[in-house]
1. Only residues that are of a type in the set (D, E) and away from the ligand (no atom under 16 Å from the Cβ): list them for the range 219-277, please.
2. Evaluate the following for S88: is it over 26 Å from P19 (Cβ atoms) and in a loop (DSSP other than H, G, I, E, B)?
3. Taking the condition assigned by TED's automatic domain parsing to the domain that holds G119, touching a residue at least 60 places away in the same chain (Cβ under 8 Å) and part of a helix (DSSP H, G or I), does E71 pass?
4. For V203, state whether it is away from the ligand (no atom under 16 Å from the Cβ), closer than 19 Å to T15 by Cα and at pLDDT 95 or above.
5. With the condition kept exactly as written, say whether any residue in the range 289-297 is small (G, A, S), part of a helix (DSSP H, G or I) and within 15 Å of the ligand (Cβ to nearest atom).
6. Can you find a residue in the range 115-123 that is of a type in the set (S, T, Y), free of Cβ contacts under 8 Å to residues at least 60 places away in the same chain and surrounded by fewer than 17 Cβ atoms within 10 Å (Cβ to Cβ)?
7. From I25, I55, grab the single residue that is β-branched (V, I, T), out of contact with any strand residue (DSSP E or B) (no Cβ under 9 Å at 6 or more places or on another chain) and within 16 Å of the ligand (Cβ to nearest atom).
8. Residue under question is I148, and the condition is that it be away from the ligand (no atom under 15 Å from the Cβ), within 19 Å of the chain's Cα centre (by Cα) and assigned by TED's automatic domain parsing to the domain that holds V94; does it hold?
Amino acid sequence: MCPGTLAMIKIGKITVAGPLMLAPIAGFTDPPFRRIARRHGAGLVMTELISAEGIVRANRKTMDMLAFHDEERPLAIQIFGNSPAVISEAAAAVEELRPDMININMGCPVRRVCGSGSGAALLLDPKNIFDITAGMVKRVRIPVSAKIRIGWDHRSLNYIDTVKALQDGGVSLIIVHGRTRDQQYGGRADWDVIRKIAEFSSVPIVGNGDIRTHAGALERMGFSGCPAVMIGRGAVGNPWIFSGRKPSVQEIIDEIKKHLDLMIAYYGLRGIVLMRKHLVRYIHEFRGAREIRKRLVGSNSREEICEILDSIAR
Ligand SMILES: Cc1cc2nc3c(=O)[nH]c(=O)nc-3n(C[C@H](O)[C@H](O)[C@H](O)COP(=O)(O)O)c2cc1C
C-alpha cells in the first residue's frame, strides 16, 4: 500500500495516517524500515531516541540520526535528555528539519540513559517533566508528544502525576508503554493501567506493549479506549501487522529484497550486514528456518542473499 492512498485521521490536534503506529526501536527503526512500515500502513513512524545534548553540540553522528525521507511522513523525531534548557534548544534545532512531531523519551530503561537522569529516570521528577514539556511546547510550533512508562517500579506507579504534568506542559499526545522501568522488557505490559490512563487523560493516549498481531492491535484499542496503538517488536520482520494482510512466502521474499535494496541505498554495503537482524525475523516462520538463517547470515552480497531467497520460493 502506498502512503498516498491512506486516509489521514485526526487524533486530537494531530493528523496521522492511521491508528496503528510504529514504535521506535533503537537499531531497527531507521529510515529504510520506517519507509517499509509506512508503505504497509503505519499511521506514524518515529526515530529512535536521539541525544538532545548531541543535537545542541551538532555532533556529526547525532545529526546523521536525524535524517529522514519524505516518504516516511508523518514522522516524529524522538529526543532524550533531562535539562529543560538543552531539550528546548534541541527541539528548536529539530523543528528546522521539518518533522511532523517531536517526541521526548521518558521510558528508556538502559543505565547509560537513566544514569544521567534521562529516559525513564524523568518519571521520578514530575516537576521536571512539566518544565521540559512546557519549554518545548513554548519553543516549537509542531506538536510535542511524550513516550512514558507507567512508573519507575511497582512501588512508585506515579502515572497520574506524570500524565498531569504532561497535560499541564501542553503536549498533544502521550504514548504509554504499559511497563515500569524495573520491568525493562520482561513481564507483561499492563493494559488495565493504560485503559485507566486513557479514561482520565484529556490528552489522547496511544497504548503500547506486547502487540503481536493486527487483530491484537484492534482488540487492545477496543479494550483500552485508546484512539491509536504503537507496535514495536511485533513489526520487525512483519510490517504486514499494520495492514492485517497475510503475506505469501513469495510476498515475504519480495519484501525482503525491497528492504535490502533500501538498506544498501541508505548505508552502502554496510546495509547488507545491518539487514541480518531483519532477515532472521522475516524468515523465522519459514519451513527450515534455522538452516536458511544460517545461510543468509553468512552471505555478504545482495546476489547471494537473493539466490538463497529464490531457492526457498522454488
Ligand atoms: C531493542 C529495543 C530498543 C528500543 N528503543 C527505543 C527507543 O529508542 N525509544 C523508545 O521510546 N522506545 C524504545 N524501545 C521501546 C519500544 O518502543 C516499545 O515501547 C517496547 O518495545 C514495547 O512495545 P512492543 O512490545 O510493541 O515492542 C525499544 C525497545 C527495544 C526492545
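The values are calculated or read from the model by the stated rules, or taken from the named source; none is laboratory data. Please read these numbers as outputs of a predicted model, since none were measured by experiment. Please note: Cβ atoms are built from the backbone with ideal geometry, for glycine as well, and neighbour counts cover all protein chains shown.
1. First, the residues of the range 219-277 that are of a type in the set (D, E): 219, 251, 254-255, 261.
The answer is E251, D254, E255, D261.
2. On the way: over 26 Å from P19 (Cβ atoms): yes; in a loop (DSSP other than H, G, I, E, B): no.
No; evaluated as a whole, the condition is false for this residue.
3. Considered against the rule, which asks whether it is assigned by TED's automatic domain parsing to the domain that holds G119, touching a residue at least 60 places away in the same chain (Cβ under 8 Å) and part of a helix (DSSP H, G or I), E71 comes out as yes.
4. On the way: away from the ligand (no atom under 16 Å from the Cβ): yes; closer than 19 Å to T15 by Cα: yes; at pLDDT 95 or above: yes.
Criteria met by V203.
5. Taking the range 289-297 and keeping what is small (G, A, S), we get 289.
If we keep only those that are part of a helix (DSSP H, G or I) as well, we get 289.
With within 15 Å of the ligand (Cβ to nearest atom) added as a condition, the list becomes none.
No; the residues of the range 289-297 include none that is small (G, A, S), part of a helix (DSSP H, G or I) and within 15 Å of the ligand (Cβ to nearest atom).
6. Yes: the range 115-123 contains one or more residues that are of a type in the set (S, T, Y), free of Cβ contacts under 8 Å to residues at least 60 places away in the same chain and surrounded by fewer than 17 Cβ atoms within 10 Å (Cβ to Cβ).
7. Working: I55 fails: out of contact with any strand residue (DSSP E or B) (no Cβ under 9 Å at 6 or more places or on another chain).
Just a single option satisfies the conditions, and that option is I25.
8. Numbers: away from the ligand (no atom under 15 Å from the Cβ): no; within 19 Å of the chain's Cα centre (by Cα): yes; assigned by TED's automatic domain parsing to the domain that holds V94: yes.
So I148 does not fit the description; no.
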